[in-house]
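Below you'll find the structure, written out as structure tokens, and then a few comments.
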Amino acid sequence: MINDKAILVGVDGSNASYKAAWWAANYAKHAGLTLQIVCAYSLPSYAAVSFDATYTAMGDDNAAHSDAQEILSKAKAIADEQGVQAATLIVTGDPASVFVELSRNYNLIVIGNRGKGGLAERLLGTTSSSLPAYAYCPIVVVPYTDDDGNLMHLNNTITKVAVGSDESKWGLKALDIAASFAHAWGAELDVISAAPQVKGADQSVYDSYMEDLETRVKPLEEQYPDLKIQKRIVPGSAVDTLTKASYDHDVVVVGSRGRGGFTGLLLGSTSQGLLQHSVGPVYVVPRKYVEAAESRLDTVPSSPAEVKPKPLDDISGVKEVPVEPAEPEVVQQIEKTIDPEH
């Protein structure tokens, strides 16, 4: 079950999580990666917290387990529709801590964001326990709707990628990953650096920011000579700029520093959080992932992050539960609901 070429997607029975499963399966197919799907629940109040369904009896583990299997069967069928074979897991207990431990074993974790409630809120809810801040692998958060409740369409092919860039090691790693991601899809890369708005600042200030940005991007231009890269310096808020970028880019890539730093901007108040307002998938490069890569630079230049995997048997509450995919008509209805344009 430990596979560094696997993507893990979390589902909880919400349409948002099924949309995340669709995105994860589409990406896995394109990238040649395997897919694993996990459903999490906790007792005694799993019905109120984790699943969309309503139950008359709380604390019924058999009912919870059965419903988790049904949720997994629907998500598995979504993957099957795209020609991707998926293994299925059930997690019991606190999903936030379990997902952090699971992140040691995966290339990428994908979750859907539907706002308040469900798995997404439990994994994204607070900076201190959030998955994007503390995971050992990158996280993609897929939005279900925009702020007005409009369903977001997801493209089968990624053609435009935006990345928030600064001089921190997190920003540099995010830039590196965004370039690799865009190159793999044959997409354009828009590198965005936010400059503080300073009263009385002249053009030379922004020219200096652009010079620094060009220095950061130059190695990538040499590494990917066919990659179309656009560089922009934008005065003002990085979060506002990246949120706007989510409207005309298929993915927005950002680095997360853990405590403080950009994590506060990612996960902060409703008025400023990028994850709450992005209308497209946000690809987050967490602090622990960056530090793992950094620890190897002295011996293996340009190496990927190396995080020691953790066997599932050593992670409390995780169990592989094979399920049969749901009937095609059930999947067709789900796909029609989550994205009518498909």
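As for segment 198-208, it holds no residue that is modelled with pLDDT of 95 or more and surrounded by fewer than 19 Cβ atoms within 10 Å (Cβ to Cβ). In the set L220, L227, L213, only one residue is under 23 Å from L154 (Cα atoms), over 18 Å from the mean Cα position of the chain (by Cα) and either part of a strand (DSSP E or B) or modelled with pLDDT of 90 or more (or both); that residue is L227.
Report, by residue number, each residue of segment 149-187 that is touching a His at 6+ places or on another chain (Cβ under 9 Å) and in a strand (DSSP E or B). Of everything in segment 149-187, those that are touching a His at 6+ places or on another chain (Cβ under 9 Å) and in a strand (DSSP E or B) turn out to be K160, V161, A162. The set of residues from segment 211-239 being surrounded by 15 or more Cβ atoms within 10 Å (Cβ to Cβ) and either without any contact (Cβ under 8 Å) to a residue 24 or more places away in the chain or among the aromatic types (F, W, Y) (or both) comprises just one member, Y224.
With the structure loaded, tell me whether A87 is touching a strand residue (DSSP E or B) at 6+ places or on another chain (Cβ under 9 Å), assigned by TED's automatic domain parsing to the domain that holds S103 and at pLDDT below 95 or whether it fails that test. Full working, then the answer.
Values: touching a strand residue (DSSP E or B) at 6+ places or on another chain (Cβ under 9 Å): yes; assigned by TED's automatic domain parsing to the domain that holds S103: yes; at pLDDT below 95: yes.
Yes, satisfied.
Reported count of residues in segment 12-28, each being assigned to a loop (DSSP other than H, G, I, E, B) and hydroxyl-bearing (S, T, Y), is 1. Restricting the first member to segment 301-316 and to residues that are part of a loop (DSSP other than H, G, I, E, B), and the second to residues that are at pLDDT 60 or above and polar (S, T, N, Q), the beta-carbon pairs closer than 6 Å and six or more apart or on different chains are P309/N105.
If we keep just the residues of segment 257-289 that are part of a helix (DSSP H, G or I) and touching a strand residue (DSSP E or B) at 6+ places or on another chain (Cβ under 7 Å), which is modelled with the lowest pLDDT? Can you show your working first?
Let us first name the residues in segment 257-289 that are part of a helix (DSSP H, G or I), namely 261-267, 274-277, 287-289.
Narrowing further to those that are touching a strand residue (DSSP E or B) at 6+ places or on another chain (Cβ under 7 Å): 262, 266, 274-275.
Numbers: F262: 44, L266: 48, L274: 81, L275: 81.
Ranking the qualifying residues of segment 257-289, first place goes to F262.
In segment 92-113, the residue that is nearest to N156 (Cα to Cα) out of those that are out of contact with any Ser or Thr (no Cβ under 9 Å at 6 or more places or on another chain) and crowded, with 23+ Cβ neighbours inside 10 Å is V110.
The values are calculated or read from the model by the stated rules, or taken from the named source; none is laboratory data. Only a predicted model underlies this, so the values are computations on that prediction, with no experimental measurement involved. Neighbour counts run over all protein chains shown; Cβ positions are idealised from the backbone, glycine included.
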